[in-house]
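Here's the structure, in structure tokens; my notes come after.
The values are calculated or read from the model by the stated rules, or taken from the named source; none is laboratory data. Since the model is a prediction, treat every value here as computed from it, not as a measurement. Note that we place each Cβ from the backbone using ideal geometry, even for glycine, and neighbour counts take in every protein chain shown. Accessible surface areas use protein heavy atoms only, side chains included; no ligands, DNA or RNA. Shrake-Rupley method; radii C 1.70, N 1.55, O 1.52, S 1.80 Å.
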Amino acid sequence: MIEVLAKLGRGPVFLAGEVLECVITFTNPLSASSTSASSEMLAWASAQIHCQFHTSENRVALPPSDGSKHDVQAENETVFVPNRGERGQCILSTPPKILFCDLRLDPGESKSYSYCETLPIDGPPSFRGQSVKYVYKLTIGCQRVNSPIKLLRVPFRVLVLQGKAAGCPPLQTGLAAPCPTDALALCPGLKDYQFPQDEAVAPSNPFLEEEEGLKKDSRLADLATELLMVATSRRSLHLYNISNTRGKVGTFCIFKTVYKIGEDVIGTFNFSEGDIPCLQFSVSLQTEESIQEEFQRRRGQPVSYTTHARHQEACLHTAQSSFSLPIPLSSTPGFTTNIVSLKWRLHFEFVTSGESVGTCLVRGSQSEAITWTGVEQMEVDTFSWDLPIKVLPTNPILASYVSQFSNTNSITI
């Protein structure tokens, strides 16, 4: 019996373009004093990263795949197929790397091997949506002589830094939106970034001693963090007039429209300048998952929406109000592939009065105090508004704290 343990030292979340490092340990757990102790042999072990693509057959129509399906590992099969037995299609894979050949482990002995691979910058981010899923795994295959291959799969999460800071949001009927004048372009990947030759100005952590081979990878993470900080720290006043066909309801204020996952979206309302009384409002933080037209199962099929946070408030006779909606660290930043597009938005719903709302006073008798009451019936109008926002990744170390994946995975063969 041999125990195989795979450990991701930094955590299970990475940025595309970073180097994934995994230490794989092979152990013969029996001690030399055991009566059944004996040496164990492994013929070979190899490792490879792949991205598996899943779709909902009811929503996505893909062309037939040319690749043959491998659902069962043959007893005498010696070919390492990392995605064997997996559902969906393998859309991305790195070259396999051999860890060893003919490994002998005496009772109680262990051997460790380090696997390093740069994550491709042209792949999609990890995503589990209603229509599609992109799942990344590191698969370690090992085989005894005359035995089937055993696979240890290590799932991890990939964040992709791509796109451009939010530009001019489209104007909505009855809503006047300002146009941000600056937009920060973000590199689609960090692999080819040319770092400054001067070490004094190169991104680095002075509190850590880094090996020469790991300096560039550390700089990639530092660079990504710096780019994200610049993109999401710019603040400017965005004012929107909220109105319907009958008149102005109020104004909405937000100081930025570009965020990182883990941040809070904060906005304020001012109803004191409105002509139409607002009885109630709700704000939902949503993602919009849409399939590209050529891959839709049905023409004009609806977009899928997912609500991540919601705030609702009754606001009659309220002059000002505000909300704060957290963007979950476990959520996926916006992205676009040739099949699916994910966008973020704030979805507003307003309930307004169809008539002037006055104060209803009820006096029981001359000796009793005046009682303030609400009207029993009221005509109402409802309308909604969508404000697009941009959501970018965050530091992968921070995202690792809430990851559903474990740093360590193991099997026994």
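Excluding ligands, DNA and RNA, what is the solvent-accessible area per residue of region 211-334 at a probe of 1.4 Å, expressed in Å²?
Numbers: 6180 Å² over 124 residues.
With the other protein chains kept in place, region 211-334 gives 50 Å² per residue.
Give the calculated FRET efficiency between Val402 and Thr307 to the nearest 0.05, with a Förster radius of 22 Å applied to their Cβ-Cβ distance. Could the numbers behind the result be given before it?
Values: r = 19 Å, r/R0 = 0.85.
Calculated value: 0.75.
Percent of accessible area on region 240-357 owned by carbon and sulfur, 1.4 Å probe? Working shown, then result.
Numbers: 2340 of 5230 Å².
That share works out to 45 percent.
Round to the nearest 0.05 the FRET efficiency obtained for Ser410 and Cys253 when R0 = 51 Å and r is the Cβ-Cβ distance. Spell out each step's value before the answer.
Working: r = 52 Å, r/R0 = 1.03.
It comes out at approximately 0.45.
Over region 248-358, calculate the relative contact order: mean separation of alpha carbon pairs under 8 Å at least 6 apart, over the residue count, as a percent. Each step should come with its number before you reach the end.
Working: 224 pairs, mean separation 41.2, N = 111.
Relative contact order, region 248-358: 37 percent.
Ser147 to Asp102: extension gain in nm, 0.36 nm per residue of separation minus the Cα-Cα distance?
Numbers: separation 45, 0.36 × 45 = 16.20 nm, distance 1.39 nm.
Stretched out fully, the Ser147 to Asp102 stretch lengthens by 14.8 nm.
Between region 246-265 and region 122-145, what is the separation of their alpha carbon centroids in Å?
Rounded to whole Å, the Cα centres lie 36 Å apart.
Once phi is turned into ³J(HN,Hα) by the Karplus curve 6.51 cos²θ - 1.76 cosθ + 1.60 with θ = phi - 60°, what whole-Hz value does each residue of region 333-344 show in order, with x for glycine and proline?
With coefficients 6.51, -1.76 and 1.60, one gets x, x, 7, 9, 10, 6, 10, 9, 10, 10, 10, 10 Hz.
Could you sort 252-261, 110-119 so that the peptide with the highest average Cβ count within 10 Å comes first and the rest follow in order? Intermediate results must be reported in sequence, preceding the final value.
Details: 252-261: 20.1, 110-119: 15.6.
Highest mean packing first, the order is 252-261, 110-119.
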